[in-house]
């Protein structure tokens, strides 16, 4: 604790890590940012300086020696999640682990078990569950306003070209993991049900340099799914689309339909006399679109520690998304329907 | 009558005239297009050929000799309306007269009197009263859904540069007459009240060639008004804006607000990766935007003849709009508030 | 020919049939509506009366005896298309055949062969290809503005509950045929390619009375597909959604994305002070949404006869859509990926 | 200074005051929130507790004894601004003064003089100049994209019923001051010019309890204006509209038009099958809509102190807006055009 507040260390000082760090620095009552950790010393030092804090570490292990730190946000590359989470849990510190939770279901289960055995909170970083629009939609569904959920259609298309470390799907789990984990979680949340079977198709349309060495790499994916509840699901994902960070959901129910999503980058519409067209800027990044959702996510994490309540997004949620990612990748590679 | 249908002659074969002609040719049950009349013989002949009819005249006077014609649509230049309407009324034929009704209130009163004395229908061409959205708004107001009307704000901005015959405001009555007659009528209709006082400002921003000879010419106008009901009004008008035919209304009530208007030319949104912008085409013309309204207007005209009912838009409506146009032009020229 | 115009007979006087009939009566230069045919005499007579024409028949066979008729619009139930089209073709009359073209690929091929052997025009009724927005999108794609097409996502959800004759999928081909034929054609058109493989899932969510007798019936369907070009496709369809006629398309390219679709029934937005919400009416029917597209479709049909050119939508287009419908139904029933 | 940062005291702990206080606490690099001051001790204490700071004062005079404080944000009722600002300036502390700057032009000039004589920064709180959309629009104008500015139309309608202290226009300056100061500043900014003459109409539509005692009170206002540049202006304002915080601007230029504004409270559209309508929530408050603008405004204030640059919004801007407010109120009360 730091002055009666939950001391927080962010492990991994990349873009998403810095969003969390800034939140715990300023925007989360009851929390204090104690440190950042990053294996690249220059990154760790620069991010601490940028945040105006003094303490940085080169690993979560170093941080664990600081007894002021009560909680960790794990924003490292996915493949390191399982070890980092288990080691932090063993020291009985709370954890907010970014999505994807891990590389496979076994890892997720080890992480869940470690959290349970050590009686710590383990929250998974599906921040869309804290977005105002998504929460509004969920409450509309729960109030029965659209009847039973028949179908959820969700897409996320990111503007940036994939980085080469994503090319090896076996190591990165691909866009389904990096981009569409959110859609998978959203579909589970809005149907209130689990994926039962799925079929996915992937293709590489924008990364010609990856084709020779990584023929399995895909930067665009479409998927259909059946849910245990009987509902249907559709998902599409893309990296490198350029035009926008395009994230939308439609929830079709027996009594109506909900549309979620925003393409407009700001509210300036420019009408041009020469072309008789109207033009508006598009959403550039998830960082702007979900800024408030990240803040509420971080606040909820601290509140579940302070009030000793269940996190709103649990290890089970993280595990089920990983399960679907892996099934989707199998479906793409083996060109077959996969039962879950 | 032609085969038991109301025979119609369109007087004035310009763009608006042809819209009416095509409607009476095809889209108005109970009516048959008998002829077109236009003083320019080549125009009259070409429009008849385009419509696939045989009969054309060089004036309404010629047409009046044809006893098959029961009704006239007057789409001539405004300054000729008073004489044409009186002469047609004297022959006891029904009249749909395009807006603006006439050049001044005296003319309007002569026209109304001629219609009354000869027991004919005189309908004025405010076709927005037949538009689906405008009718929807009117019914919402009448149902009390937005409470009492506090303020109506209406604008029409046309894409096309004014033609030189409009430069002399004394002869053309300017954009207030040519463009904003519709807004004036809309404001009267939605407030259910008459203009009590107004103040308008005009300026010439896009027609530099008119400035020397016609210093009073304006191509942009803003106006505020008080209504007898106590409601407030705002209007703006423009010619030559280029970007679109931009017609919108907001009706603020004590319990809510109605927005009317559509800028989108079609429903194609194109998102560009290079500029991260979304672009859509804008409405190009009133002809497309109000096509269905013209059709319903023409149908209503025939129905009021067949059923011997009052036209939905009367000579009084035409006169009150002319009164406001003239008051607005006085306000602009004399730079003062005008009481009506 | 009738007065030098192509004489047209509409076979099947239901809702879609009457749209065509009204067009040929009024809106298609070079064409004249000669007759309607419908096996139910009362329907045939009433529709002729409504159209203001004198001639009606109880079958296309009766009509074929009328040498004034040069062209037929076939809007009968799908299962009758093959025989009707072959019999009309044998008499060397031109045909606009509504979608779905037929029940299966064999029927389509018989129809195409009949048209070829008799040198007649055979156009298939995918009217979206004549919609302003869809044409705009196609021209944007062809101009290379969005680069190569990566993925087309298309959905059509109809407001009305399916009628009992649709319950037997073997006889009706289900919503894929009745609702999503349009999406299938759109996907072929925008990708410029053929379906290579697909996987579809169907379910019955709104028609409980059909479940016992017709366990295969579905009123909601999702589908993913691979195209020969390498592009990906997604489709969803529904009957009985109630809230709107909801038809949208997204075309993702390597340089941008196109959004098509319109949910707004008119342009009236009502803002309510008590609930702080804004409400607008939704599109009620394909009849309003695609009214102009039907008109242009009918005009194009007459033009291809007059100019002796290839129809814009050919028998091949009709056949390929039927092939995909059948493959989709097999996929749903056999729960497997289907190669085409 | 506090740890090398600009120490800030917020004077007036109401809703707007707390927005600034939270910003200086967390969101403004180079600044530290030192204290809040409010004449109501309970308010002062509670706000300090809510902010997690220890120091609060009952007046700016008390605060001026604290040498750690370098800058003040004045969010007191408008009538106190002149004295507070002069007293703070006399102590050579920097000032961010909320809008409206003061009750009349004389007061504004005293404040400007006090700032100049004491060489302090005086920034006025027109936060819309820091809003992303507004800044985008300004840069589009400056780039010449819409040509010369012909007309600016701006409206602000607030959802909340006016509080009784606003009823006496002589004391409150009315909605023109409280609500439309922003529109007035926006119109000056986007035209790059000063108001030359104006005409305004006011009315009381929603506050019947004010009518007897305060016949001059208005809760709805419309205004037209001429600018020195020749441009035209339109403004409307309202209090108590209920449905939304409705703030929009249109900037008509000779080459195009810019639309600013956002009515949607979040991005959830709910489509209802029973009514065939789509419904979305509306913007509830300026606090949400302009949250980021307040943050950037506060950051800019600190930056102009640190870099010794001119504030982006100066005392002159504040004065000119007050001048227009007063002219508008005269116009309403004396029912005449007012020259400035």
- request: Ignore the peptide's own chain and count Cβ atoms of other chains within 10 Å of each Cβ in B:220-226; give me the average, rounded.
  value: 6
field: Helix-derived mean residue ellipticity, 222 nm - over chain C, DSSP H n ≥ 4, -39500 (n - 2.57), to 500
entry: -10000 deg cm²/dmol
task: Extending each Cα 7 Å along its Cβ direction at residue C:104 and residue C:171, get the distance between those two points in nm, one decimal.
output: 1.7
- line: antiparallel share of DSSP beta bridges within the stretch D:108-246, to nearest 5, in %, is 65
message: Taking every alpha carbon pair in the protein assembly as shown, what does the distance histogram look like in 10 angstrom bins from 0, in percent?
response: 2, 8, 14, 18, 19, 17, 12, 7, 3, 1, 0
- line: If one compares the long axis through the Cα atoms of helix B:132-142 with the longest principal axis of the Cα atoms of chain B, the angle in degrees, nearest 10, works out at 70
Degrees, to the nearest 10: A:291-306 long Cα axis against longest axis of chain A: 50
message: Suppose we consider the axis relating copy D to copy A; can you name the residue of D with the nearest Cβ and state that distance in angstrom as an integer?
response: D:26, 2
field: Alpha carbon Rg of chain D, scaled by the compact-globule rule 2.2 N^0.38 Å
entry: 1.01
- prompt: Going from the alpha-carbon gyration tensor of the stretch A:202-340, what semi-axes, largest first and in whole Å, does one get by taking the root of 5 times each eigenvalue?
  reply: 30, 27, 18
field: Beta bridge orientation in the protein assembly as shown: antiparallel %, DSSP, nearest 5
entry: 60
query: Using the beta-carbon distance between residue A:163 and residue A:314 and R0 = 41 Å, what value does 1/(1 + (r/R0)^6) give for FRET efficiency, to the nearest 0.05?
result: 0.85
- prompt: For the stretch C:79-167, how big is the tail of P(r) above 17 Å, as a whole percent of Cα pairs?
  reply: 64
- request: List the relative contact order of the stretch B:206-258 as a percent without decimals, with contacts defined as Cα pairs under 8 Å and 6+ residues apart.
  value: 23
query: Given a cut-off of 14 Å, what percent of all Cα-Cα pairs of the stretch D:126-174 lie beyond it?
result: 70
task: Evaluate the distance, in nm, between pseudo-label points positioned 7 Å from the Cα of residue A:40 and of residue A:15 along their respective Cα→Cβ axes.
output: 1.4
- prompt: Antiparallel DSSP bridges in chain B: what percent, to the nearest 5?
  reply: 55
Partner chain coverage, peptide B:246-257 - average Cβ within 10 angstrom: 6
task: Evaluate the Kirkwood expression for the hydrodynamic radius of the stretch A:181-228, namely the inverse of the mean inverse distance over all pairs of different C-alpha atoms, and round to one decimal in Å.
output: 12.4
field: Principal axes of the stretch D:5-147: Cα extent on each, largest first, Å
entry: 53, 34, 26
field: Kirkwood hydrodynamic radius (C-alpha pairs) into Stokes-Einstein, the stretch A:278-340, 25 °C and 0.890 mPa s, D in µm²/s
entry: 161
- line: With the stretch D:45-107 reduced to its Cα atoms and the Debye formula applied, log10 I(q)/I(0) at q = 0.18, 0.22, 0.23, 0.27 1/Å amounts to -0.69, -0.96, -1.02, -1.22
query: Using a simple spin-label model with points 7 Å from Cα along the Cα→Cβ vector, what separation in nm is obtained for residue C:287 and residue A:113?
result: 6.5
- line: For the stretch B:260-311, Rg(Cα) over 2.2 N^0.38 Å is 1.89
Degrees separating the helix B:41-51 axis from the principal Cα axis of chain B, which is the longest one: 90
query: Ranked highest first by average number of other Cβ atoms within 10 Å, how do B:160-173, C:241-254 line up?
result: C:241-254, B:160-173
field: Principal axis box of the stretch A:28-75, alpha-carbon based, largest edge first, Å
entry: 29, 22, 19
message: Going by Cα centres, the stretch A:207-246 and the stretch B:49-113 are how many Å apart?
response: 65
- prompt: What FRET efficiency would be calculated for the residue pair residue B:211, residue A:307, taking the C-beta separation as r and a Förster radius of 60 Å, to the nearest 0.05?
  reply: 0.25
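Since every read-out is calculated from the coordinates, none of them should be taken as a lab result. Fair warning: this is a prediction, and the values are worked out from it, not measured in the lab. Reconstructed Cβ throughout: ideal geometry from the backbone, glycine too, with neighbour counts over all protein chains shown.
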